[in-house]
1. With the condition being at pLDDT 95 or above and in contact with a helix residue (DSSP H, G or I) (Cβ under 6 Å, 6 or more places away or on another chain), I'd like the strands (runs of 3 or more DSSP E) fully within the stretch 37-153 carrying at least 1 qualifying residues.
2. Report, by residue number, each residue of the stretch 100-111 that is under 15 Å from residue 36 (Cβ atoms), free of Cβ contacts under 8 Å to residues at least 60 places away in the same chain and more than 10 Å from the chain's Cα centre (by Cα).
3. In the stretch 11-22, is there at least one residue being under 22 Å from residue 111 (Cα atoms) and either at pLDDT below 95 or loosely packed, with under 13 Cβ neighbours inside 10 Å (or both)?
4. What's the total number of residues in the stretch 117-147 that are loosely packed, with under 14 Cβ neighbours inside 10 Å and over 22 Å from residue 30 (Cα atoms)?
5. Every residue in the stretch 25-36 that is touching a strand residue (DSSP E or B) at 6+ places or on another chain (Cβ under 9 Å) and in a helix (DSSP H, G or I), please.
6. From the list 51, 114, which residue is buried (at least 17 other Cβ atoms within 10 Å of the Cβ), within 22 Å of residue 32 (Cβ to Cβ), within 15 Å of the chain's Cα centre (by Cα) and touching a residue at least 12 places away in the same chain (Cβ under 8 Å)?
């Protein structure tokens with residue numbers, strides 16, 4: 001190769017590595033991630049409209065509550081409307097500096113996806129579906145993070 005061809009090759013190689021990651025990302029994954037962030041950021045900011053945008057109206061959010069002493073379990077449940085109203089009331093408001101919102105798309109097949117959100121005090125597993133052209137959260141199964149044991153008094 002001559003010097004001119006070598007320089008052209010190096011320039012093209014460097015240019016390819018400088019393309020922003022967002023431009024290389026799958027647009028469906030970006031839309032799924034936006035839905036998950038609308039949900040968690042809506043909660044943290046008290047933005048009910050943003051929360052509602054992320055949810056399918058028939059959403060069910062569930063948690064299995066197990067009594068540590070007796071071992072029995074109950075199923076706690078919230079609806080889409082319950083989440084929207086809780087968001088509007090400011091139930092999850094936190095300053096940006098105190099928010100954790102780690103979003104991971106675990107799997108996607110056609111119009112269905114599984115997403116994990118690690119938040120401040122809990123972990124959400126979202127079932128997300130493309131519904132009328134938009135990604136919506138259909139179901140959430142969540143679990144509180146373990147808290148350190150309190151010292152005995």
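The values are calculated or read from the model by the stated rules, or taken from the named source; none is laboratory data. Predicted model only: the values in this text are computed from it and were never measured. Don't worry about glycine lacking a Cβ; one is built from the backbone with ideal geometry, like all the others, and counts go over all protein chains shown.
1. Numbers: elements: 55-66, 73-79, 101-109, 112-119, 122-131, 134-144.
It comes to 55-66, 101-109, 112-119, 122-131, 134-144.
2. Looking only at the stretch 100-111, we keep the residues that are under 15 Å from residue 36 (Cβ atoms), and these are 100-108.
If we keep only those that are free of Cβ contacts under 8 Å to residues at least 60 places away in the same chain too, we end up with 100, 102, 104, 106-107.
Of everything in the stretch 100-111, those that are under 15 Å from residue 36 (Cβ atoms), free of Cβ contacts under 8 Å to residues at least 60 places away in the same chain and more than 10 Å from the chain's Cα centre (by Cα) turn out to be 100, 106, 107.
3. Of the stretch 11-22, the ones under 22 Å from residue 111 (Cα atoms) are 22.
Those left that are additionally either at pLDDT below 95 or loosely packed, with under 13 Cβ neighbours inside 10 Å (or both): 22.
Yes, that holds for at least one residue.
4. Looking only at that region, the number is 8.
5. 28, 29, 31, 32, 33, 34, 35, 36
6. Values: 114 fails: buried (at least 17 other Cβ atoms within 10 Å of the Cβ).
Of 51, 114, the one residue that is buried (at least 17 other Cβ atoms within 10 Å of the Cβ), within 22 Å of residue 32 (Cβ to Cβ), within 15 Å of the chain's Cα centre (by Cα) and touching a residue at least 12 places away in the same chain (Cβ under 8 Å) is 51.
To keep it simple, each residue is scored yes or no on (1) touching a residue at least 12 places away in the same chain (Cβ under 8 Å); (2) under 12 Å from residue 137 (Cβ atoms); (3) surrounded by 11 or more Cβ atoms within 10 Å (Cβ to Cβ).
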{"site": "38", "(1), (2), (3)": "yes, yes, yes"}
{"site": "47", "(1), (2), (3)": "yes, no, yes"}
{"site": "62", "(1), (2), (3)": "yes, no, yes"}
{"site": "98", "(1), (2), (3)": "yes, no, no"}
